[in-house]
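Notes follow once the structure below has been shown.
A short reminder: the numbers here are calculations on the coordinates, not readings from a lab. Everything quoted here is computed from the prediction, not taken from an experiment. Here the Cβ is made from the backbone with ideal geometry for all residues, glycine too, and neighbour counts use every protein chain on show.
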Amino acid sequence: MSNQINAVQTGSNTQGLDLLASSVTLNPVMKSGQILFTAEDLGKALGYSNPKESVSKIFQRNRKELKHYSVEVSLTSTDGKSYIKRAFTREGALIISMLAKTNRAKAVRAWLAQLGVEKIEEVRQQAILEAKRELAAELLAARPLWKKIKRYKELGLNNHEVCLLLECKPRTLLRHLRRMENAGIVERSPDYEQRSRRARLNFGLISADKEGSHA
């Protein structure tokens, strides 16, 4: 009976924490491979009327402990300008929420311990995608041929038509396409292998006799 009561209490506590956490709005940022929370954003979530100043005071009073979980970073604000802001790692944000004496502190701790994990992973994945986009843009800028291939493929041209426009050999185009797919510049469709083999057959890279032997 006592085990059942404990289980019910545990379930109730978990639901309560989930409810608390769901009421919190925090927007972590990715900087230099780290997930960070700005002092201002953290202060708002904690319910301070002067969020940035209040969190800064907590930091100053506990600098010895918090300095290991805090950095100053340059972030672009809504006005388009960059500002140096103090930010905290997830561990630092948790410590701040433990030291804060507000009614919202418990909810923030619940968010950081539970729902925040999903949000942090979402930000991490977005940062990875953004890094891939930047790399793709750099590669396209450095390789005019890739830029043309990408444009022609976006227009719906097949490989044979692209080869005619670029005046290149099919084998060369396929090699570039593979590299572009690996770099995330063009997408590889589910039937890539079938299309690739068909294209090589059409371009004469493998003979019809060979194709028939595989049938």
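Brief remarks follow.
- At R0 = 30 Å, FRET efficiency that the Cβ-Cβ distance of E134 and Q60 yields, to 0.05: 0.25
- Length gained on full extension, S32 to A142, computed as 0.36 nm times the residue gap minus the Cα-Cα distance: 37.2 nm.
- Legend: calculated FRET efficiency, R179 to T76, from the Cβ-Cβ distance at R0 = 35 Å, rounded to 0.05, equals 0.60.
- The stretch 31-104 shape via C-alpha gyration tensor axes, a/c threshold 1.5: oblate
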